[in-house]
1. Using DSSP to define loop residues, name the trypsin sites (Lys or Arg not before Pro) in region 1-105 whose beta-carbon has at most 13 other beta-carbon atoms within 10 Å.
2. What is the distance in Å between the Cα centres of region 115-187 and region 49-66?
3. Considering only GLN119, ALA98, ASN336, whose Cα is most displaced toward the positive end of the charge dipole of the chain, charges sitting on Cβ of Lys, Arg (+1) and Asp, Glu (-1)?
4. In the structure displayed, which of LYS23/LYS47; LYS89/LYS187; LYS57/LYS121; LYS289/LYS349; LYS363/LYS428; LYS89/LYS121 lie more than 26 Å apart, Cα to Cα?
5. Once R0 is set to 30 Å, what does the formula 1/(1 + (r/R0)^6) return for the Cβ-Cβ distance between ASP358 and GLU461, expressed as a FRET efficiency to the nearest 0.05?
6. Per the Kirkwood definition applied to all pairs of different Cα atoms, how many angstroms is the hydrodynamic radius of region 92-224?
7. Give me a comma-separated list of calculated 3J(HN,Hα) values for region 111-127, in order, Karplus coefficients 6.51, -1.76, 1.60 applied at θ = phi - 60°, integers in Hz, x for any Gly or Pro.
8. Restricting to DSSP H runs of at least four residues, report the calculated mean residue ellipticity at 222 nm for the chain, -39500 (n - 2.57) per run over all residues, nearest 500 deg cm²/dmol.
Amino acid sequence: MNRLMPFTSMLLQDMVSTEEMRKIWSEENMLQKWIDVERAITEAQSKLGMIPQGAAKKILEKLSIQHLCSKRIYEKKKNISHIMVSFIKAFREICGTAAEHFHIGPTTQDILDTGLTLQMKEAHNLIMNQMYELEQILCDRALEHKNTVMMGRTHQQHAVPCTFGFILAIWASEIRDHIERARESEKRWLLGNLTGMVGSQNAFVELAGIKTTTKLQKMVCNNLNLKSPMIDLHSRTDRFSGVISNLAQLCSSLGKIGINISNWQRSEVMEVQEPHDEMQSFSSTNPNKINPDDSEQVEGLAKLVRCHALAMQDIQMLDNRDASRMPVLFVTIPLNYMMASKAISTTIKNLAGLVVHDDIMFKNMVHANVLGQTIAERLMIAMYKKTGEKIKAYDFLNKYAKKSRRERRLFRDVLAEEEYFSILFDEKELERLFDITTYTGTATYQCENAIKIIGEKRKNEISEGILVGKNYKIKL
């Protein structure tokens, strides 16, 4: 058997997907969801008197993946080409004459879209559980490192200190927004659809009238634990696009986390290290290498998910619908869910086992190349408080920062030579001002406050039954 790269490749599949998500997006599960939709339609039509009950009973006996496998459908499709006609004709051979009462009124898109939505629902639940787990880890580790001082950087240059917990709490708040965004979007896409050829339910109305037709769709959707739409959805690909856009935004956040972790473990920085097994190797030629492969691959996955989100947004159909969306839906949605799941699972592993070198974080704050200049903002504020002249203080410090760099001398030593500066501060004041570890602003407070808010939200979700099965409470 030839395995298709990369998602069914034994060597590559775990780089781009997770086993749990691959099961959801298997062909067998897709077919099972089509069968689930057709069973719900048959049951509802039987109860509403739209098809004979005896035929419905026979249909339901035979309508299972054990009888109607993908191989049987494929044999029909070789000649027929149309996937749903092949599905129906294959079932006719299995079921016999009772199948004449099968698939009465639905169009192909009713089955494919609703079946796809059922698969998406399973995938969505897995992603939600993963996001909650990631949020938990970020909150726990943020509190663990709320006072771990590190250098804050902008443009990859030293700026002013903050704490590592502060950064982790920002990431936790970002994941919280992704969770709430995903929950909020459910009302727009967790919908069934049973509206026939162009969406106006003509065949159903001809069969049983408007009132029964309206009941039918509600019964089918209720049977499948989906909501009934306010109007036909066949031409509405925006609902699927919204889901994929949310996944793209999530993966962008995960990619950002990944490239930061990989950057912080550069040999000359080494403030953190992602976990790895003792037996793990990182280079085919360098036996000493420990590469941040996992973190880097998360950003690679994020790029792919973002590209697929663009393809979803670019779907434009003519008239009531056409087939231009089919390749996009059945490529983009499964692959994005699989890649997003892998990106989250990798991020969970990395953050749960992340080794934090707080001693190196301190050493980097006073790195020789920086010459102690990252205290400049604090000095500027102190000078302003004494003189009321902020711009003058800025220009003064800017001038002597340049001199410090030009002469490769410590900023403090250069400033000490200037009478204007020496008059402003005594030695005790300077010791306090130059203690960079005490210049973290509200980093610790913001960290604690953000985690407290997230904890309250999770507490409410537990009471509402949204979070179940695990101890999801955050220990504040």
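1. On the way: sites: ARG3, ARG22, LYS23, LYS33, ARG39, LYS47, LYS57, LYS58, LYS62, LYS71, ARG72, LYS76, LYS77, LYS78, LYS89, ARG92; in loops: ARG3.
Answer by residue number: ARG3.
2. Using only Cα atoms, the two centres lie 47 Å from each other.
3. So the residue we want is ALA98.
4. Numbers: LYS23/LYS47 33 Å; LYS89/LYS187 35 Å; LYS57/LYS121 28 Å; LYS289/LYS349 20 Å; LYS363/LYS428 23 Å; LYS89/LYS121 28 Å.
Flagged as over cut-off: LYS23/LYS47; LYS89/LYS187; LYS57/LYS121; LYS89/LYS121.
5. Values: r = 33 Å, r/R0 = 1.09.
About 0.40, to the nearest 0.05.
6. Values: mean 1/r = 0.0520 Å⁻¹.
Final number for the Kirkwood radius of region 92-224 is 19.2 Å.
7. Karplus-based 3J(HN,Hα) across region 111-127 equals 6, 5, 5, 5, x, 4, 4, 5, 5, 4, 4, 5, 5, 4, 4, 5, 4 Hz.
8. Working: 20 runs with 303 residues, N = 476.
Helix-only estimate at 222 nm: -21000 deg cm²/dmol.
Every read-out reported here was derived from the displayed coordinates using simple, explicitly stated rules and does not represent laboratory data. This one's a predicted model, so the numbers in the text were calculated from it and none came from an experiment. For neighbour counting, all protein chains shown are included, and Cβ atoms are generated from backbone atoms with ideal geometry for every residue, glycine included.
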